[in-house]
Amino acid sequence: MSKSTLLENNKVNTKIKLAGLWITLMLLYIYGDFFSLMTPDRIQNLINGKMGLGTTTPIKLLIASILMAVPALMVSLCLSQKTSINRVLNIIFGFFYTLVMMLVVYTSISYWMTFYVFLGVLEIIISLIIVWTAWKWPKIEESIV
């Protein structure tokens with residue numbers, strides 16, 4: 001008689017899953033932006049005050065900072081907020097970042113930005129998984145006495 005050994009498969013708390021997904025999303029954003037520095041003329045354009053949305057301005061940098069701060073904040077919010085608030089925030093921001101990345105992917109289709117499109121598609125998938133995970137948040141039955 002032989003024994004087989006099965007690996008334990010612990011259920012991961014939904015808050016931890018969502019925090020991990022937001023971390024994954026941020027890492028993909030960082031890699032995409034870092035690799036974009038290696039494309040022709042990118043650094044020179046930055047030096048000349050040009051970014052993806054035209055001329056670099058303090059307001060555009062602030063908007064970009066806010067856009068990138070939300071996923072970072074979502075990591076801690078996923079772990080610290082009540083389930084009801086957590087669920088709503090993840091659905092709203094997950095859907096919002098899906099739309100943002102769809103626009104980014106659409107406007108980035110070119111030979112030198114193939115890597116960026118690839119990462120963008122992964123980011124779309126991850127943000128949709130965030131929405132799906134929050135939408136399907138496990139529920140418990142509560143008996144009313």
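Here is how the numbers come out for the structure above:
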quantity	calculated
Helices (runs of 4 or more DSSP H) within the stretch 57-145 that include 3 or more residues among the aliphatic types (A, V, I, L, M), within 22 Å of LYS11 (Cβ to Cβ) and at pLDDT 95 or above	58-80, 114-135
Qualifying residues in the stretch 1-53 (those that are touching a Leu at 6+ places or on another chain (Cβ under 8 Å) and among the small types (Gly, Ala, Ser)) - the one nearest to PHE96 (Cα to Cα)	ALA19
Test: residue in the stretch 101-121 that is within 12 Å of the chain's Cα centre (by Cα) and in contact (Cβ under 8 Å) with a residue 40 or more places away in the chain	yes
Candidate set from the stretch 10-63 (those that are aromatic (Phe, Trp, Tyr) and surrounded by 16 or more Cβ atoms within 10 Å (Cβ to Cβ)); member that is farthest from THR114 (Cα to Cα)	TRP22
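The values are calculated or read from the model by the stated rules, or taken from the named source; none is laboratory data. Keep in mind that what you see is a predicted model, and the values were worked out from it rather than measured. Virtual Cβ from ideal backbone geometry, glycine too; neighbours counted across all protein chains shown.
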